[in-house]
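These notes are about the structure you will find just below.
What follows draws every value from the coordinates through simple rules; no lab data is involved. Everything numeric here is computed off the predicted structure, so don't read it as measured data. Cβ sites come from the backbone with ideal geometry, for glycine too, and all protein chains shown count toward neighbours.
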Amino acid sequence: MMNRFILTALCCSTLCLQGVGFAASKSSNIEKLDRIIAVVDQAVITERELIDRTEFIKTQMQKKGAELPQQEVLQKQILERLIVDSLQLQMASQTGIKVDDGQLDKTIERIAQQNNLTLPAFKKALEEDGTQFAKFREDIRNDIVIARLREREVDNKVNISEAEVDNYLTLQENQGDLDEFNVSQILIRLPEDSAPEDIQAARASTEQVLKALEGGMSFEKASANYSQAPNALDGGVLGWRNGQQLPAQFLDLIKNLQVGGVSRPIRSGNGIHIFKLNERRAAANTLIVEQTHVRHILLKPNEVMSDKEAKLKIDGIKERIDNNTPFADMARQYSEDGSASSGGDLGWLNPGDTVPVFEKTMNELGINEVSQPVRSQFGWHLIEVLERRKQDMSKESRRLKARQEIRTRKAEEAYNDWIREMRDKAFVELRLEDKF
């Protein structure tokens, strides 16, 4: 049962590795064992962190029935993820991304509700499964911080043109309703400008993967042992993709596989890929979307009003709304959005109509609930959800679905590039000589 809790909670990545900030136990045994094994810019990673995270990942993989790679391989994979997560958390801290205790408590309560448990029952279930609640709580805080950092640095900067949507829909019409594919991958990184020796090393690694698979190693274990994708320890699962969400060269390979089949290696701009087809299904002919009727108040920092002053001002507006001042009145008086004259009413919104941080906050609100102040690229928002409804697919929503699928693909590519660039520029000193 607890496996479901962890999978539900750790949203950014199924096996999320954001345990970088955990304080070590004060027991004499742990103090004796602990040492610094990596320096990552201004932070360090300790052996205790690596051991704790490795045991956690092993437990989760065993619960799913996944084959474990060798201990050395597993720890190297986990250490790399700890390094990447440390870099993200440091950037988030330096640029003012924080999650206050109130927001964190609401998130954990929501996780408990999703598992049909009260908060006390959820805490008890975590402890029975060997997970300390305080540690789980900080895991969730780090998850949220990294998700917000990704939204700001990557997702909010992904732009989709109308021409891209038109081309997507035209291709879809020409090809008819394509099947959808549940796919996993093994990735050996090899940028386009790689040196000859790097190309040779990547080809050697690819041969190792193929030999292991031919020798009977499961795809999931081969992923954990060899893949350099962020989700390597989760078996490389990419989930469901339709034809337009896959590059043409990948689609040509995957659509000809039998369920359970493994593709030949194929090169892209990111590296060498090997795919496995887990499941296949017919594409849905209709799409039901949930629309949200929402209103908001927007304050825009400028030369006259700093970001800090805007935050203080919107905090004051929120306090007045909490004390029964009508939201619409506050919007008309203070909002700097074109919707101010209508009390901040934005009408019915479809998924994808707003920037990710706005949409995420909106989706987490109950009916007639007002959000805490939220920062987007436009300024500080207060958001209130008025109604929700489900609508059948229409021409507009077909364009919306196309836009979402293009955005998902481009955001994933942009995030992986951003992570790789951050990692390449970082100062990382490994102190593992007597460890591995």
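A few points about this structure:
- From the alpha carbon centroid of segment 191-270 to that of segment 402-420 is 18 Å.
- Val44/Gln103 FRET efficiency (R0 25 Å; Cβ-Cβ; nearest 0.05): 0.35
- Scanning residues 5 or more positions from Val294 or on other chains, those with amide H under 5 Å from its amide H are Leu346, Gly347, Leu349, Leu386, with H placed 1.01 Å from N in the peptide plane.
- A full extension of the chain between Glu319 and Lys211 corresponds to an added length of 32.5 nm, given 0.36 nm per residue minus the alpha carbon distance.
- Hydrodynamic radius of segment 289-391 per Kirkwood, over alpha carbon pairs, in Å: 13.6 Å
- For the listed residue pairs Lys276/Lys390; Lys106/Lys221; Lys313/Lys360, the alpha carbons are over 30 angstrom apart in Lys276/Lys390; Lys106/Lys221.
- A Förster radius of 22 Å, combined with the Cβ-Cβ distance separating Asp424 from Ala204, puts the computed FRET efficiency at roughly 0.50.
- Convex hull volume of the chain per residue (C-alpha atoms, cubic angstrom): 183 Å³
- Segment Gln132-Arg389, extension gain: residue separation times 0.36 nm, minus the distance between their alpha carbons: 88.7 nm
- Hz values of 3J(HN,Hα) by residue in segment 348-362 - Karplus curve (6.51, -1.76, 1.60), Gly and Pro given as x: 7, 10, 8, x, x, 6, 10, 5, x, 5, 5, 5, 4, 4, 4
- Distant-in-sequence amide H partners of Leu238 (H built 1.01 Å from N, under 5 Å): Val183, Ser184, Gln185
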